[in-house]
């Protein structure tokens, strides 16, 4: 790669080369000024600067005609090619072909990967076989930094409110489900509020406590729950309830998809929480990136919702940081 001396090059105004190219084409200060939509004195000033910087007359007046010098002739093709390249670079529209791309996307999740990734993998396996996805857990306290630095392309979760430099689309609203093993937990008519408060519980917690964010919210509403197990993953919580008389309180979407795998019964939780929706967020600086746009569409389609891009604003519901 050619070394660029940025320090010395910064003093050279690109407009001087544009003026030079116009003069080469029109061989007239008046006509070149009209081409560039500037006043003739301004173009004459550019020519004077060029003569000083390049230590050459560059153009010699012959009647009404500006005759280029040998040095100007030698520079002409290179300057024209450079300006054409700059124009093509500025005006170029980037494209993205998922069928041939081998791009690696970096995705962050607060805890919804069990819902998004299986459907996303199914959607893209045939249409985009070369794409790769790196998914990892990212908490609400760090998701902004991860997006800002480019370590994440986008994130899915019920993250805290973020700055206006992010775009967002709501993927789905959340409801709570209660799951249990009917062979171990005696509740022929389901779990009512009394049975729920009296039961032994397992909660998903990615914090340094047993109750996690949902348990903390329930405790804050006055529920005194017997939490005997805190685990970092939904599937671990469901597996525990499959082998012990425990109640698992998790988002309904997770329960509907995975509770039956463990032989668990699912019902709506007999407690009311105002949960924030799960959203897809991304930096607005990548809004026009066709690859990011394509992936947003795929994730949204996998969730079965319409794509309505709006600013990431403070939600009215209580935000969770899992």
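Each residue in segment 142-166 was checked for being within 21 Å of residue 206 (Cβ to Cβ), part of a helix (DSSP H, G or I) and in contact (Cβ under 8 Å) with a residue 40 or more places away in the chain, and 2 of them qualify. Annotation: of all residues in segment 27-52 being touching a strand residue (DSSP E or B) at 6+ places or on another chain (Cβ under 8 Å) and part of a helix (DSSP H, G or I), the one that is farthest from residue 85 (Cα to Cα) is 29. Taking the criterion of being under 16 Å from residue 270 (Cβ atoms), surrounded by 14 or more Cβ atoms within 10 Å (Cβ to Cβ) and touching a strand residue (DSSP E or B) at 6+ places or on another chain (Cβ under 8 Å), would at least one residue in segment 202-210 satisfy it? Yes; the residues of segment 202-210 include at least one that is under 16 Å from residue 270 (Cβ atoms), surrounded by 14 or more Cβ atoms within 10 Å (Cβ to Cβ) and touching a strand residue (DSSP E or B) at 6+ places or on another chain (Cβ under 8 Å). Taken over segment 188-201, the criterion of being out of contact with any strand residue (DSSP E or B) (no Cβ under 7 Å at 6 or more places or on another chain) and surrounded by 16 or more Cβ atoms within 10 Å (Cβ to Cβ) is satisfied by 195, 197. Of the candidates 218, 229, 238, the single residue that is free of Cβ contacts under 8 Å to residues at least 60 places away in the same chain, in a helix (DSSP H, G or I) and in contact with a helix residue (DSSP H, G or I) (Cβ under 9 Å, 6 or more places away or on another chain) is 238.
Assessment of segment 148-168 against the conditions (closer than 26 Å to residue 236 by Cα, out of contact with any strand residue (DSSP E or B) (no Cβ under 8 Å at 6 or more places or on another chain) and not assigned by TED's automatic domain parsing to the domain that holds residue 254) yields at least one matching residue.
The values are calculated or read from the model by the stated rules, or taken from the named source; none is laboratory data. Treat the numbers as computed from the prediction; the structure is a model and nothing was measured. All Cβ positions, even for glycine, are placed from backbone atoms using ideal geometry, and neighbour counts span all protein chains on display.
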